[in-house]
Each structure stands twice: as structure tokens, then as C-alpha cells.
């Protein structure tokens, strides 16, 4: 099918589309496209198409769900599958409810070929069921880790591999295999915490680290800044972000020929869900951005369209970080918050 109107586009390898002022009604949104002029003498060495998306939302806001999730599945010529996993919900009834909050939205795209599926957790699952589960996880174009209880989700995901295959890292490894093949894995609410590197609720499990060196608070509000500061203080080696409703971070990461690790974060603000009765819950419609607290207490507010580029040396002795905003050609150094000597993403990658 043709690309849905307003959907994200790839520009110089970067998957970009960012919200602007919404039109009337929750089904409408605008997009601002950010262009990076490639350096003629050096080719972009990596594919920046997002392989992970973490987000917080009150309902199925149109811009984020259509442009960043549904469209990603529909872009594939034949594998237009989305798999939803409500493993963080305690009972089957609550899992059904969680799936229902997504199914009604996905059903709108069935005529375009979208094939949305769900896999429910049950204490009575068999090894055959587990084989089906991992086959779905491996081959679905988009997989969504749903909300609920973070640690309950961890226990169930890990048990799918540990109980049936004596491999408690099986699910994590499958997610990384997806990332290595360019498929998109999405974390909604609790799922967003699980896809980071560490999380506040992680008592004894290791997060899946599809977004390396990042941790978040979900359904963030201005009154929860103290909580975000505590998270930044607790994990000083990681970047802590507060994701309000409705906002997200899309990411891809990999290795350069030099052996350095690269990561690109794209910040998404969605103000498209404008039902009056829900306005209180949609903090982005009240002007809230994605808050970030440095480990030293400084603060940065990220807006829709902002991009962060990170480079890590193999021993993590070097960590370079830069920020690009859509309406300013300057590449800012994250640490000093001052203009850097780089021109664009291509330039940063080529020099590392």
C-alpha cells in the first residue's frame, strides 16, 4: 500500500517525523521533518532506522501509534504483523482488557493489510505453546511489550525460555536478534522500562537493553521531578528521562568499523489525542516535554524532533554525546551544552 499520509520518512538513513500543532480531533496530527545534509566525502556508515521505541500514552494517540508503530508494519511488502504481549497483567481478564485497548485501534488498519496478533500468558502453557511464542517473537515485524507490573512481566518473559528451554536469557536474546535484523520492538508503559538498560522497579532482573544506557520514568508529570532526580542519582552511568503522556523515544544502536558503539535517540511528542475529557492525562498537550536530569543535577528538556547522538568507546572510557534540534542547525555538545565542532550526524559518525 502507499505510505499513510503524514507517516515518517527516511532521510539520509534517519527515520524522522515529529509532531507539531495538532488539528482538530484525535485522528489528526501534523509532522515536521528534520533533514540532515550528508557530507559528500564520507558515506553514512550505519543504518539509523529505529529498532526500539519506548513510550508512555493515555490512549492510542494517533500520531505516535500510526506513524511509528502501524506504519512500520505496513511498510513491509508482505510481513505486516504486529504482536502484542500483555505479560505484565496479572489475570487473563486483565490481559484481555489490555489487548482490547490496542485491538480497537489496530482493527482500523486491517483493510490495509495489518495483521495484529496477541499472545496471552497462562500457567498451563506447554512447550509447544512456547515454541509458537518464540516463533512469533522472532518473525513479527513489530513486537509490543505491554503495560502492567514490570517485574511480573520480567518473570513471565524469562520463564518462557527458562522453564521450557532451560535458557532464562532466551527472550532477551530473541529481542536482540530482532534488533540485529532491523525489526522494531516497542515498549509501552511497563514495557518501556523493560527495554531500557536499568529501571527503578528492577529488583533482581536485568533489563533487556534494546535502548542501551538509558532509563526512564513513565507517565511522568511535573510533580514527579524528584523521582526522576533520584533515578539519575541511582544510575549515574545512564541517561534518565521522564516520559509524559503522550511521548516516546525511538532508538537504534550498533557498532562502527572503529569498534566504537553508536546510538541515536529520536524524541517524540504527540499532542494528537484531543478529547476534552482526557485532556488532564495528556501532559504534552499542556506543554510538557521529555525531561532529562543529568547525574550532576542539571536539566535538559527535549522536544519533538530533537535527536541525540551518542558514541561509546569499547571500554566506555570515552562517551561523546550531542544534541540536534529541528529548527537550529547547530550541533550541541550534551556535556557542555555549547555548540560543538560537528556539522551533522554524518560528520559525528565519520570522525569516530
Q | Residues within the stretch 84-113 that are buried (at least 22 other Cβ atoms within 10 Å of the Cβ) and outside any helix (DSSP H, G or I), tallied | A | 6
Q.
Against the condition at pLDDT 90 or above, closer than 22 Å to residue 301 by Cβ and either part of a helix (DSSP H, G or I) or touching a helix residue (DSSP H, G or I) at 6+ places or on another chain (Cβ under 8 Å) (or both), how does residue 191 come out, does it pass?
A. no
Q. If you go through the stretch 94-109, how many residues are touching a helix residue (DSSP H, G or I) at 6+ places or on another chain (Cβ under 8 Å) and closer than 14 Å to residue 61 by Cα?
A. 2
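Which residue out of 177, 224, 156 is under 25 Å from residue 123 (Cβ atoms) and assigned to a helix (DSSP H, G or I)? I'd like the intermediate steps shown before the answer.
Values: 177 fails: under 25 Å from residue 123 (Cβ atoms); 224 fails: under 25 Å from residue 123 (Cβ atoms).
Criteria check complete, one pass: 156.
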(Q) Any residue at all in the stretch 129-149 that's under 21 Å from the mean Cα position of the chain (by Cα), modelled with pLDDT of 95 or more, in a helix (DSSP H, G or I) and crowded, with 21+ Cβ neighbours inside 10 Å? (A) yes
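So, in the stretch 114-125, exactly how many residues are farther than 21 Å from residue 89 by Cβ and part of a loop (DSSP other than H, G, I, E, B)?
Going through the stretch 114-125, the residues farther than 21 Å from residue 89 by Cβ turn out to be 114-115.
Still in the list and also part of a loop (DSSP other than H, G, I, E, B): 114.
Total meeting the criteria: 1.
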Q.
Suppose we filter the stretch 273-310 for residues that are over 18 Å from the mean Cα position of the chain (by Cα) and more than 30 Å from residue 352 (Cα to Cα); how many remain?
A. 15
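Test of understanding: among 237, 254, which residue is at pLDDT below 95, assigned to a loop (DSSP other than H, G, I, E, B) and either closer than 26 Å to residue 179 by Cβ or over 22 Å from the mean Cα position of the chain (by Cα) (or both)?
Working: 254 fails: assigned to a loop (DSSP other than H, G, I, E, B).
Residue meeting the stated conditions: 237.
The values are calculated or read from the model by the stated rules, or taken from the named source; none is laboratory data. It should be emphasised that the depicted structure is a prediction, and the values quoted were computed from it without experimental measurement. Ideal geometry is used to build each Cβ from the backbone, glycine not excepted, and the neighbour counts take in all protein chains shown.
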